[in-house]
Amino acid sequence: MKPNASNSGSLAVVGLQWGDEGKGKIVDLLAPDFNAIVRYNGGANAGHSVVVGDERFALHLIPSGVFRPACTSVIGNGVVVDPAQLLTELDGLAERGVDCSGVVVSDRAHVVMPYHKVEDAARERALVERLGIKAVGTTGRGIGPAYAEKVQRSSAIRMGDLLFPDIVRRRVRAAMAFKGPMLERWAPEALAELEEDSLVELALGWGRRLAERIADTSILLHRILDGGGRLLFEGANATLLDVDHGTYPFVTSSNSSALGIGPGSGVPPQRVGRVVGVAKAYQTRVGAGPMPTELTCVIGDRIRERGREYGTTTGRPRRIGWLDLVALRYAVRLNGVTEIAVTLLDVLSGFESIRLCTAYTLDGRAMEEFVPDAAALDRVKPQYEEIPGFSEEITAARSYQALPATARAFIERIERGVGVPVTMIGVGPDRDQTIHRTGEIGGA
Ligand code: GDP
Ligand code: IMO
Ligand code: MG
């Protein structure tokens, strides 16, 4: 066997719900043990928050390990990159004194062009206003149209293409030839802004500014591995938004579970040893789609306010629900999760009792399996187990034993429900507001 053919030193951090589980905080915490932090999917639809001392950062394209100077930050080939957003993010971080010299982007990552964002908004608007169909509730970042263009092939632009004026012009011309008539019908007001020469100039300008950072990141990652280094893969969006395994069609356009790591980075799956699944102590969801445990009452409002549950990317209020163990079990299995980080546990203090959904019923029949289909999931009824809540604030707790017994019982109920240990517990957004536990179910 070739040395290093399997490398259990690398790790993935993936969201187990509908996004915003606190992946950014967990990646930042774990990053010092890794040589590179790798984004492999999604684009600027992601909003990952990292709190460093008194400062709060929101990252959309740049990996959350950027605050750890020894880590290389890799934007892999599976990401769709809006170069304007990337440059804004790089400039914003530099202004705040963050060293971004280690940020590289794959030459094979696809470019989100202005027409993708126009199309994203136009489709959403047309669905509702002209066709009477429920919109997906996208972030408007052009994600779906950019991935569609990638799969269509001949009119797509990759980051490496930005260095070649002829290629850019040909692709822009092809893209606009197809999109022009469609946008003429659905977004005529925006069409005037999408003129070929200015689009080409814009793209080439991005290429000039980003040239030094554009590289074959797949080779870079393999070199790190072959040298005995370790990679941390940072999932964006989350498992239940995965285009193949999420609540289709209310999903994003990439494989946002750990299953996307191979195609999105060029690193084969056996190189990933540990998979840390991140789950909130409750559910949230932004945008449309089924959510069996949704709370549309004052309890939901209270959790939203305590947890500051407003989108990092769009500012939209997040929908809130009780923790769904059926969905969590599904996500654990799908990702090969080896351990869980439960975040925002502090938000649940002050409730007399807490609920967990342990099963569904559909048309009166009991179901223990999640249903990754929006229409079917919309019809399930959650079955709850109610356990005592905890009244104490826990934001200052730093050890598992310092948590109230009822909070520990909640964590251990999750472990029993999904069959993997909870090794980290978030009790606040700061780096040190994290409890680390041994890797055994029911451990200290
Ligand atoms: P991501 O997209 O998964 O990285 O998550 P977001 O950054 O979009 O949303 C998570 C929010 O919760 C951010 O505002 C974090 O600062 C915050 N957060 C993370 N962990 C905790 C925690 O344990 N407790 C509290 N109260 N906030 C947390
Ligand atoms: P992070 O990485 C929460 C949701 C959108 C919408 C659907 C499709 O911060 O957890 P898109 O713009 O991707 O076409 O929208 O997916 N969505 C997210 N929700 N957190 C995210 O990322 C999300 N990325 C996409 O709200 O419902
Ligand atoms: Mg987020």
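Please treat every number below as a calculation from the coordinates, not as lab data. Remember, it's a predicted structure, so these values are computed and weren't measured experimentally. Here the Cβ is made from the backbone with ideal geometry for all residues, glycine too, and neighbour counts use every protein chain on show.
Laid out as a table, the results:
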quantity	calculated
At 0.692 mPa s and 37 °C, Stokes diffusion of region 22-88 via Kirkwood alpha-carbon radius, µm² per second	273
Ordering of 89-98, 40-49, 162-171 by packing [mean C-beta count within 10 Å, highest first]	40-49, 162-171, 89-98
Degrees between helix 114-129 axis and first principal axis of the chain (Cα, 0 to 90, nearest 10)	60
By average C-beta atoms within 10 angstrom, highest first, the peptides 104-117, 218-231, 326-339	104-117, 326-339, 218-231
5 angstrom amide H check on MET367, placed H, neighbours 5+ away	TYR360, THR361, LEU362
Principal-axis tilt of helix 196-210 within the chain, Cα atoms, nearest 10 degrees	60
Cα gyration tensor shape for region 321-366, rounded if a/c is under 1.5, else prolate or oblate	oblate
Beta bridge orientation in the chain: antiparallel %, DSSP, nearest 5	40
The chain - mean residue ellipticity at 222 nm from DSSP helices (-39,500 (n - 2.57) per run, n ≥ 4, rounded to 500)	-9500 deg cm²/dmol
Three-way shape call for region 234-282 based on the alpha-carbon gyration tensor, with the a/c threshold at 1.5	oblate
The chain, Rg to Rh (Cα coordinates; Rh as Kirkwood inverse mean 1/r)	0.97
Kirkwood hydrodynamic radius over Cα pairs of region 70-137, then Stokes diffusion coefficient at 10 °C and 1.306 mPa s, in µm²/s	110
Percent RCO, i.e. relative contact order, over the chain, from Cα pairs under 8 Å lying at least 6 residues apart	19
Helix axis angle, 405-418 relative to the chain longest principal axis, alpha carbon, degrees	60
When the convex hull of its Cα atoms is projected in every direction, mean area for region 131-198 (nm²)	5.6
Nearest-20 debye value, the chain charge dipole, Cβ charges on Lys, Arg, Asp, Glu	660
